[in-house]
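These notes are about the structure you will find just below.
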Amino acid sequence: MDAKIIYCSFLAWPDFFKKFFTFIFTTGYVPHFLEFSKLILLSKPNKPAYTVNSYRPICLAPYFSKILDKFLLHRLMFHLHNFSPISDYQFGFLDNRNTEQALNFIIKTLHRFKSTFKYVAVIAADISAAFDSIRFDDIHDALISRGINKSFVKLIMSLISARILIFYHPTAVIYINTTKGVPQGSSIAPILWNLVLDTLLRVPLPNNIMLSAYADDISLVIAGNTRKNLEMVGNNALAKLLFWTNSKDLTGDNLKVWYHTVIERIIVYAASVWG
């Protein structure tokens, strides 16, 4: 159904739309036709066409589903803004936060650490396919931990966990039941990812480790007074990061960080730049 038809229908029958979405919010029931999304694969630049990771999956949902998605997002953000804000160390997918702020935070942390420690360095990690790999249970637990009403949590989970993807292949139409992940293209999906990652950003850390994130890109600023100490601090920071990713089943290829070699690289960086 075209967006113009939806708009004209709303102007003609506003009471229908009001009753339709009121019914969903009061019952927690998502109509079956809203569960279907068309799957589009966008090729990534400079990637071989024959590998799965060379494509970015985008979900095209029905317009009624997009409207519901927006309603859920605004209600969720109202709760988070007023009662349970996302960590100040997350700079992605939030109003008045951006990449420039994320970089400035890292630079300021580097200079602050340098005033106290001899060696300072940065470890950068990327959780690949984060949106596709996040588990439904982790989303549910993150929402509940924020004190969000259980019926509202149930409604969000109903919308994201009962999705059926339709992929139009040249030889067949393929229906795919989703078992994890959030739909790329959804308005609420980035915030749900932020809520799960927020559990990592709130892990207690020593005063010579600072953790921040932009979406699924994670930065660890570490400091030490000797190279050996810097290595120990880096290993400790990476151990905490790997423990969290293991607990969320984001293991193996999902975490792009070289655990055994990164320490040598950051020491070279620290020695040449800050030594």
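The values are calculated or read from the model by the stated rules, or taken from the named source; none is laboratory data. Predicted, not measured: the structure shown is a model, and the values here were computed from it. Note that we place each Cβ from the backbone using ideal geometry, even for glycine, and neighbour counts take in every protein chain shown. Accessible surface is based on the protein model in full, side chains and every heavy atom, while ligands, DNA and RNA are left aside. Shrake-Rupley method; radii C 1.70, N 1.55, O 1.52, S 1.80 Å.
Out of (1) modelled with pLDDT under 90; (2) open to solvent by 20 Å² or more (accessible area, probe 1.4 Å); (3) touching an Asp or Glu at 6+ places or on another chain (Cβ under 6 Å), what's the single condition that is false for ILE267?
The single condition ILE267 does not satisfy is (3).
Any residue at all in the range 246-253 that's at pLDDT below 90, touching a Gly at 6+ places or on another chain (Cβ under 9 Å), part of a loop (DSSP other than H, G, I, E, B) and over 25 Å from TYR119 (Cα atoms)?
Checking the range 246-253: not a single residue is at pLDDT below 90, touching a Gly at 6+ places or on another chain (Cβ under 9 Å), part of a loop (DSSP other than H, G, I, E, B) and over 25 Å from TYR119 (Cα atoms).
Of everything in the range 152-187, what is part of a helix (DSSP H, G or I) and exposed (fewer than 12 other Cβ atoms within 10 Å of the Cβ)? Give them in sequence order.
Matches in the range 152-187: none.
Could you look through the range 108-151, keep only residues that are without any contact (Cβ under 8 Å) to a residue 24 or more places away in the chain and not in a helix (DSSP H, G or I), and pick out the one that is farthest from MET210 (Cα to Cα)?
Only one residue fits best here, namely ASN149.
Conditions (1) surrounded by fewer than 20 Cβ atoms within 10 Å (Cβ to Cβ); (2) farther than 19 Å from ASN104 by Cα; (3) modelled with pLDDT under 90; (4) of a type outside the set (Ser, Thr, Tyr), marked per residue:
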position	(1), (2), (3), (4)
LEU192	no, yes, no, yes
LEU195	no, yes, no, yes
ARG202	yes, yes, no, yes
LEU211	no, no, no, yes
ASP216	no, no, yes, yes
ARG227	yes, yes, yes, yes
LEU230	no, yes, yes, yes
ALA237	no, yes, yes, yes
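Out of ASP132, ASP95, ASP69, ASP141, I need the residue that is open to solvent by 40 Å² or more (accessible area, probe 1.4 Å) and within 14 Å of ILE160 (Cα to Cα). Which one?
ASP132
Might you let me know whether the range 208-229 holds any residue that is part of a helix (DSSP H, G or I), within 18 Å of VAL120 (Cα to Cα) and either out of contact with any strand residue (DSSP E or B) (no Cβ under 7 Å at 6 or more places or on another chain) or among the aromatic types (Phe, Trp, Tyr) (or both)?
The answer is yes, given that some residue of the range 208-229 is part of a helix (DSSP H, G or I), within 18 Å of VAL120 (Cα to Cα) and either out of contact with any strand residue (DSSP E or B) (no Cβ under 7 Å at 6 or more places or on another chain) or among the aromatic types (Phe, Trp, Tyr) (or both).
Name the residues in the range 36-61 that are in contact with a Ser or Thr (Cβ under 8 Å, 6 or more places away or on another chain) and within 29 Å of ASN149 (Cα to Cα), would you?
SER37, CYS59, LEU60, ALA61
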